[in-house]
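Since the structure comes first, as structure tokens, the remarks are kept for the end.
Just so it is clear, none of the values below were taken in a lab; they were calculated from the coordinates. Everything quoted here is computed from the prediction, not taken from an experiment. Backbone-built Cβ (ideal geometry, glycine too); neighbour counts: all protein chains shown.
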Amino acid sequence: MKISNISLYLLAVIEGAIVMVVELSAAKLLAPYFGTSIQIWAATLGVTLGGLTVGYFLGSYLSTTQERKNIVCIRTVLLIASLLCVLMPFHAHHILEFTLRFSIGLGATLSLCLFLLPVLIGLGATSPLIIQGLSQHSNTAGKHAGRVYGISTIGGIIGTFFAGFYFIPELGIKFTLLFFGCLLAIATLIILGIKLYKTNVLFLVVFSMASFVSFSFHPEINDHFNVLHESDGLLGNIKVVEHEASWFGQKGKTGRGIMVNNTMQSFMDTNNPESSSIWAWSAIIPSVLSVYPENSKVLLCGLGAGTIAKQLDNLNMDYDVVEIDKRVAELAKEYFGFSKNKEVHIDDARHFIRTSKNKYDIIIFDTFLSESAPEHLLTIESFKEIKETLNKDGLLITNFYGFTTGQLGYAARSVLKTMSVLDWEANIIATSGKEENRNLLFFASEKDIDLSKANYSEIGQEPITDLQNLVIPKRLLNLEDAEILTDENPKLAQLYAKPSLSWKLSYNEYYTKQLYTK
């Protein structure tokens with residue numbers, strides 16, 4: 001069967017697109033189990049390159065001067081790859097449940113080797129086979145090789161933009177993999193085997209069954225949890241979950257929380273929804289803000305369940321909200337009582353600050369992504385932009401994780417040092433408890449904030465009157481060995497790698513291992 005060059009180039013485009021689609025989807029499938037730290041992306045990129053490398057060698061081995069056998073090889077590896085693509089969400093869950101018992105680095109890498117590597121080997125083998133098919137009876141193999149890899153890369157660019165900007169954020173991981181798996185299977189059958197009726201029918205039956213199983217599969221949830229909503233998108237896996245709050249030291253209470261990649265971001269007492277949250281840090285932030293007068297202009301970066309937004313309403317503040325994932329805003333309005341009429345700017349916090357012409361008295365960063373803090377927000381260049389956006393004596397508050405001492409606290413000390421070099425009076429308030437379980441609240445302003453003027457209390461709770469006692473004395477924070485964080489050398493993710501892993505491991509014990517029924 002003679003296959004036109006254009007048809008083979010078309011397959012190269014589709015193959016290149018799906019390489020990027022499965023890579024992005026694999027990282028999102030990992031996130032609820034192992035997080036989104038730099039180690040996870042390193043594992044994903046490493047396994048992707050490894051799979052393509054093995055595929056290239058396999059494709060070169062399978063290449064043959066006999067055109068018929070070469071076409072059969074291309075058809076076989078692409079159909080297998082399409083089948084594995086649509087099955088990925090199904091078998092990834094079972095693999096990840098097993099590998100969760102290992103360390104994050106080992107577990108993530110092993111998982112990727114089991115559910116991502118086979119797909120990429122098949123896709124990688126395609127390029128040498130296509131080049132061989134184009135080079136039959138020709139001395140222009142180099143020209144065809146350059147074209148195939150160039151066209152495949154163009155396909156990768158297209159796949160990246162479509163998957164990253166539309167399919168995964170809007171339609172979720174399952175539909176994305178199903179769509180592109182079907183696209184690859186249909187294109188392969190049409191181009192390379194339309195006349196093989198019996199073989200095609202058998203494959204379509206198997207493919208349809210695999211697609212149905214994978215798309216309709218939902219992990220069984222432990223009865224302890226009531227999942228009100230679950231979806232996959234820009235930030236990864238998002239759930240709205242209700243369960244007893246005893247894990248957070250609140251016996252007898254039932255809480256509703258929003259989880260990103262199985263890490264709780266906000267948690268509300270369902271019996272007292274007017275109270276913003278049961279967590280200590282959520283009462284400290286408005287207590288600090290109460291030093292400022294009513295109608296102060298506030299920029300809240302990171303909405304979550306709307307905890308801080310409720311407090312800003314209680315304080316009669318005039319505020320804008322920036323949230324990077326529009327699903328979070330929708331869930332805050334539907335499940336957590338956030339005002340349906342309040343406008344939420346769907347944007348990256350730093351991009352919004354750089355492009356907005358508004359001036360603010362207070363800027364709040366509550367911008368966790370699962371267990372990670374966005375490092376581009378916490379550089380000296382970002383702080384300079386914030387300083388220009390703040391009014392005179394304006395305040396920046398940043399929510400962070402709890403380590404300040406030793407090597408695990410190096411990242412937090414570096415953030416504080418970076419703030420301090422801008423002639424800000426920068427301090428850290430720590431919630432009570434062990435470092436691995438607490439939150440840090442950085443607050444920085446050109447003037448020293450008089451915390452004795454704080455006047456705020458949550459509904460049904462006593463006001464916090466000892467804020468100054470919660471400030472970590474500077475003498476206990478060794479900033480000499482810390483470093484200044486810059487855009488040119490973005491190191492926060494690296495510096496915070498071990499604390500991030502510690503936090504994720506804690507949440508795996510609290511949630512992920514108990515969330516799914518064994």
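Given a cut-off of under 8 Å on Cα pairs at least six residues apart, what relative contact order in percent is computed for the chain?
Once divided by the residue count of the chain, the mean separation gives 14 percent.
Place +1 on the Cβ of every Lys and Arg and -1 on the Cβ of every Asp and Glu in the chain, take the dipole about the Cα centre, and give the residue among LEU10, LEU120, VAL298 whose Cα lies farthest towards its positive end.
Towards the positive end, the residue furthest out is LEU10.
Find how much the distance from GLU425 to SER4 grows on full extension, using 0.36 nm per residue of separation minus their present alpha carbon separation; answer in nm with one decimal.
Stretched out fully, the GLU425 to SER4 stretch lengthens by 144.6 nm.
With a bin width of 5 angstrom, please list the P(r) values of the range 435-497 as percents of all Cα-Cα pairs, from the 0 bin to the one holding the largest distance.
Taking every Cα pair in the range 435-497, the percentages come to 3, 10, 14, 22, 19, 12, 9, 7, 2, 0.
For a protection proxy built on the mean count of beta-carbon atoms within 10 angstrom, sort 350-363, 469-482, 85-98 highest first, please.
85-98, 350-363, 469-482
Given 10 Å bins starting at zero, what is the percent of C-alpha pairs of the chain in each, up to the one with the largest pair distance?
Histogramming the chain at 10 Å steps yields 4, 18, 25, 22, 15, 10, 5, 2, 0 percent.
Calculate how steeply helix 141-162 sits against the longest principal axis of the alpha-carbon atoms of the chain, using the helix alpha-carbon long axis, and give the answer as 0 to 90 degrees to the nearest 10.
40
Please report, to one decimal in angstroms, the Kirkwood hydrodynamic radius of the range 66-173 built from all distinct Cα-Cα pairs.
16.2
How large is the helix-only mean residue ellipticity at 222 nm for the chain, computed as the sum of -39500 (n - 2.57) over DSSP H runs with n ≥ 4, divided by its residue count, in deg cm²/dmol to the nearest 500?
Value at 222 nm, helices only: -16000 deg cm²/dmol.
Which distance in Å, rounded to a whole number, links the C-alpha centroids of the range 201-241 and the range 63-127?
Going from one Cα centre to the other spans 19 Å.
Using 1/(1 + (r/R0)^6) with R0 = 45 angstrom and r between the beta carbons of VAL205 and LYS340, what's the FRET efficiency to the nearest 0.05?
Calculated value: 0.45.
Pairs LYS239/LYS333; LYS387/LYS417; LYS326/LYS392; LYS359/LYS447; LYS297/LYS326: which are spaced more than 20 Å apart, C-alpha to C-alpha?
Check vs 20 Å cut-off fails for LYS326/LYS392; LYS297/LYS326.
So how strong a dipole does the chain carry about its Cα centre when Lys and Arg Cβ are +1 and Asp and Glu Cβ are -1, to the nearest 20 debye?
Around 2160 debye, computed over the chain.
How big is the range 5-216 in terms of Cα radius of gyration and Dmax, in angstroms?
17.0, 54
Quote the charge dipole size of the range 393-506 about the Cα centre in Debye, to the nearest 20; the model charges only the Cβ of Lys and Arg (+1) and of Asp and Glu (-1).
460
Let's test the formula: R0 of 35 Å, r as the Cβ-Cβ distance of ARG438 and SER216. What FRET efficiency results, to the nearest 0.05?
0.25
For the range 381-518, taking Cα atoms only, what is the radius of gyration to one decimal and the Dmax to the nearest whole Å?
Looking at the range 381-518, its Cα Rg and Dmax stand at 16.9, 56 Å.
Quick one: work out the % antiparallel among DSSP beta bridges in the chain, nearest 5.
About 70 percent, rounded to the nearest 5.
In Å, what Rg and Dmax follow from the Cα atoms of the range 316-392?
Rg, Dmax (Cα atoms, Å): 13.4, 37.
Sorted from fewest to most neighbouring beta carbons within 10 Å, what does the list PHE212, PHE442 look like?
Ascending number of Cβ neighbours within 10 Å: PHE212, PHE442.
Principal axis extents for the range 279-511, Cα atoms only, whole Å, descending order, please.
46, 40, 40
Put +1 on the Cβ of every Lys and Arg and -1 on every Asp and Glu Cβ in the chain; which of HIS91, TYR401, LEU129 then has its Cα farthest towards the positive end of the dipole?
Of the options given, the answer is LEU129.
Please sort 224-232, 50-58 by packing, taking for each peptide the average over its residues of neighbouring beta carbons within 10 angstrom, highest first.
By packing density, highest mean first, the sequence is 50-58, 224-232.
Using packing as a proxy for protection, rank 26-32, 413-419 so that the peptide with the highest average count of other Cβ atoms within 10 Å comes first.
Highest to lowest by the protection proxy: 26-32, 413-419.
In square nanometres, what is the average projected area of the Cα convex hull of the range 262-362?
Hull-based average projected area comes out at 6.7 nm².
Among residues other than ALA187 whose Cβ falls under 13 Å from its Cβ, what is the net charge (Lys/Arg +1, Asp/Glu -1)?
Taking every other residue near ALA187 into account, the sum is 0.
What length, rounded to one decimal in nm, is gained on full extension from GLU242 through to LYS198, with 0.36 nm per residue of separation minus their alpha-carbon distance?
That works out to 10.8 nm of additional length.
If you restrict to DSSP beta bridges whose two residues both lie in the range 279-511, what percentage is antiparallel, to the nearest 5?
50
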